[in-house]
Amino acid sequence: MSAPRPSWLRRNAAALGALAVLLPTATFVIGAQEWVTAEGYLPFAAIEVPAGDTTDYAGTTYGPATVRHATPADELDVPAGAMGLVLEFDIAPGDEAQLCSVTLREAEGEQREWLATGNRAPCTSDATGPYEGSLAFVVPEDAGPFTADVEVSRLESAPTMFPPFIRFLLD
Amino acid sequence: MSGERPQGRERRTPATWIRVAADKVPPKWVTVSAVALFLAGTAAFGGLADAPAAAEKPLTPLEPGDAHDTGELKVTLDRAVLIDTLDGSGTYPLDDGSERVLAVLATIENPGNEALDTLSFATDQIAVTGMPTERPDGRALEVSTARLDDATISPVIQPGFSVEIALTWPVPRDLWRADDELHLTISDLTWFEPTFLGDGPGFWTEPAVPAAEIDLVVEDVGAGVETEDAQ
Amino acid sequence: MSPAPRVGSLAQWAAGLGLVALAWGVIAVTPGDDFADQPFVTQARIDEPAEGRNLRITVLDARRADHVSDERGWSADGTWVLVSFEAEALSSEKDSTLSRALLRIGDRAYTVSDRPSVGADARTHLAVGVPKLLTAAFEILDEDADAQATLELGFAKYDARLDSEIRLALDLAELDVDDTAEIPDGRWAE
């Protein structure tokens with residue numbers, strides 16, 4: 001009579017161990033690959049700029065950025081329960097032509113985000129000297145505090161992966 | 001002699017002959033001759049390479065007012081008109097008088113179940129022989145479509161509806177004159193049925209294959225009548 | 001090697017039938033082939049907010065009209081269905097245009113009519129947290145005037161598969177029919 005065979009688990013321990021490592025690894029690698037393909041060129045790392053400060057982005061200086069409530073002079077159509085905000089920030093262009101798009105985002109909680117009214121693009125690639133970008137937003141009364149997230153497009157370079165974006169902290 | 005062997009041998013039926021013969025043939029011979037037979041067989045249907053592109057279908061000749069069924073929609077071309085300007089058409093000739101508007105009046109019927117985009121139809125499936133591709137100022141010369149009843153630009157035709165529209169182009173002033181024959185070609189799109197699960201239902205897509213042609217006599221209405229655009 | 005323990009034939013039958021039952025159960029719960037093509041649907045009812053991804057819609061009113069006009073002088077006869085609703089985005093204004101606005105009747109999918117002036121088109125950009133009051137106008141065939149219809153609203157214009165959709169069932173035969181109705185421009189909700 002031969003000795004009783006080791007249990008099924010013992011006999012397959014090596015294979016099971018390999019599975020325990022390979023399955024999560026494969027899931028992670030495939031998932032990461034898909035994520036990078038879909039979002040790899042979207043703005044990734046925030047360059048945080050405290051209120052009142054400026055920052056340099058590839059030769060162009062952005063900031064300081066401030067936000068204020070809209071006044072009747074701004075001629076903004078704002079319904080009850082909402083408020084109009086105007087974001088203003090200075091831009092000192094460098095040698096490289098850049099465009100920007102700006103999102104007003106809540107700093108905490110759900111981090112809801114708004115785009116400027118009228119589809120306006122505040123940055124221009126034609127400017128020779130410093131200028132001011134100004135955008136209006138209509139947001140609910142309970143929204144805030146905000147950051148102004150500026151995504152810079154560098155017109156003279158190829159897109160890079162995980163590009164940084166500028167996050168102005170606003171009070 | 002039929003080769004009666006000593007006892008123990010099976011009876012020689014055709015099946016056993018085949019088996020014995022098969023045993024004696026080297027395997028390589030089998031594959032080579034099978035491949036050779038297969039290739040010889042493909043010669044019967046023209047070989048394994050892709051079939052050459054289908055021979056050009058003859059174009060259906062149409063008269064003004066005849067309807068042509070593209071499969072996706074039915075189109076009837078009625079008139080061709082030259083006019084200095086046509087407000088509400090979507091076509092804006094240059095101010096300097098170097099351009100006029102060529103308008104082709106058509107009726108499009110949408111027998112399908114989805115809304116139909118007349119601008120993509122006019123761009124992809126209607127071709128005017130001799131139409132330039134560029135305008136005097138260098139911009140691309142493009143067709144516009146508009147409803148005749150309310151001048152809606154690039155109208156969408158809802159399922160089951162039939163709508164009169166004007167296709168308009170900004171054309172060089174003297175390219176066509178009254179009584180010239182304007183030759184148009186109508187192309188049909190191809191129905192594509194996806195074969196993979198999850199790719200959704202079929203749809204009409206490229207290539208647009210020329211299917212019908214028509215000659216329209218050009219009318220010249222000069223500067224047009226005051227109320228032309230409110231037609 | 002010792003022989004495997006014998007399983008009673010009754011147990012074998014039971015196991016076999018159990019597996020068959022299990023297989024039948026799996027087939028029963030497996031969604032059909034077109035399930036993968038469905039959007040994530042939220043059924044709506046009049047005057048009740050319905051939420052989807054980044055979307056909240058409250059349908060207020062649906063009516064039929066034989067003649068419609070807008071605020072800029074355009075008008076047309078026909079068989080029209082007007083649906084007014086409040087809509088807002090919830091978390092992001094990126095890609096929050098209400099591109100998908102269909103009225104399905106039988107096999108036909110009518111889209112919001114492009115005939116009224118631009119301001120009146122319901123397929124507009126939605127704001128986060130600040131609702132808009134919009135009216136979707138559909139021009140339909142006479143023969144569909146009393147049919148069952150489904151209103152579909154969402155962000156995905158062409159491919160609805162991966163996104164939310166708000167759906168409302170409408171019995172067109174039960175709607176008020178106005179001789180004439182105005183399609184107001186989209187505006188902020190009160």
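The values are calculated or read from the model by the stated rules, or taken from the named source; none is laboratory data. Since the model is a prediction, treat every value here as computed from it, not as a measurement. Note that each Cβ is placed from the backbone with ideal geometry, even for glycine, and that neighbours are counted across all protein chains shown.
Tabulated results
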| read-out | value |
| --- | --- |
| Where A:GLU39 falls short, out of the listed (1) at negative phi; (2) surrounded by fewer than 20 Cβ atoms within 10 Å (Cβ to Cβ); (3) touching a Gly at 6+ places or on another chain (Cβ under 9 Å) | (3) |
| Any chance C:ALA136 is more than 12 Å from every other protein chain (Cβ to nearest Cβ), within 27 Å of B:LEU148 (Cα to Cα) and of a type outside the set (Asp, Glu) | yes |
| Test: residue in segment C:151-167 that is more than 14 Å from chain A (Cβ to nearest Cβ), buried (at least 21 other Cβ atoms within 10 Å of the Cβ) and among the β-branched types (Val, Ile, Thr) | yes |
| Test for B:ASP174: is it outside any strand (DSSP E or B), within 13 Å of chain C (Cβ to nearest Cβ) and either at pLDDT below 95 or within 24 Å of C:VAL118 (Cα to Cα) (or both) | no |
| Residue satisfying condition, being in contact (Cβ under 8 Å) with a residue 24 or more places away in the chain and at positive phi, within set A:GLY118, A:GLY81, A:GLY109 | A:GLY81 |
| Selection within segment A:62-112 - surrounded by 15 or more Cβ atoms within 10 Å (Cβ to Cβ), more than 14 Å from chain C (Cβ to nearest Cβ) and among the β-branched types (Val, Ile, Thr) | A:THR66, A:VAL67, A:VAL86, A:ILE91 |
| Condition check for A:THR147: more than 10 Å from chain C (Cβ to nearest Cβ) and within 23 Å of C:VAL130 (Cβ to Cβ) | yes |
| Residue satisfying all of: in segment A:152-171; among the charged types (D, E, K, R) and not in a loop (DSSP other than H, G, I, E, B); farthest from the chain's Cα centre (by Cα) among these | A:ARG154 |
| Segment C:37-59, subset surrounded by 15 or more Cβ atoms within 10 Å (Cβ to Cβ) and of a type in the set (A, V, I, L, M, F, W, C), residue modelled with the lowest pLDDT | C:VAL41 |
| Elements of type strands (runs of 3 or more DSSP E) in segment C:65-129, at least 3 residues being touching a strand residue (DSSP E or B) at 6+ places or on another chain (Cβ under 6 Å) and either hydroxyl-bearing (Ser, Thr, Tyr) or within 14 Å of chain A (Cβ to nearest Cβ) (or both) | C:75-88 |
| Options B:ILE157, B:ILE153: the member that is closer than 26 Å to B:GLU63 by Cα and either of a type outside the set (Asp, Glu) or without any contact (Cβ under 8 Å) to a residue 60 or more places away in the chain (or both) | B:ILE157 |
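Rundown of residues vs (1) under 23 Å from C:ASN54 (Cα atoms); (2) in contact with a helix residue (DSSP H, G or I) (Cβ under 8 Å, 6 or more places away or on another chain); (3) of a type in the set (D, E, K, R), yes/no style:
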| residue | (1), (2), (3) |
| --- | --- |
| A:ALA18 | no, no, no |
| A:LEU22 | no, no, no |
| A:VAL29 | no, no, no |
| A:PRO50 | no, no, no |
| A:THR66 | no, no, no |
| A:VAL86 | no, yes, no |
| A:ILE91 | no, no, no |
| A:GLY118 | yes, no, no |
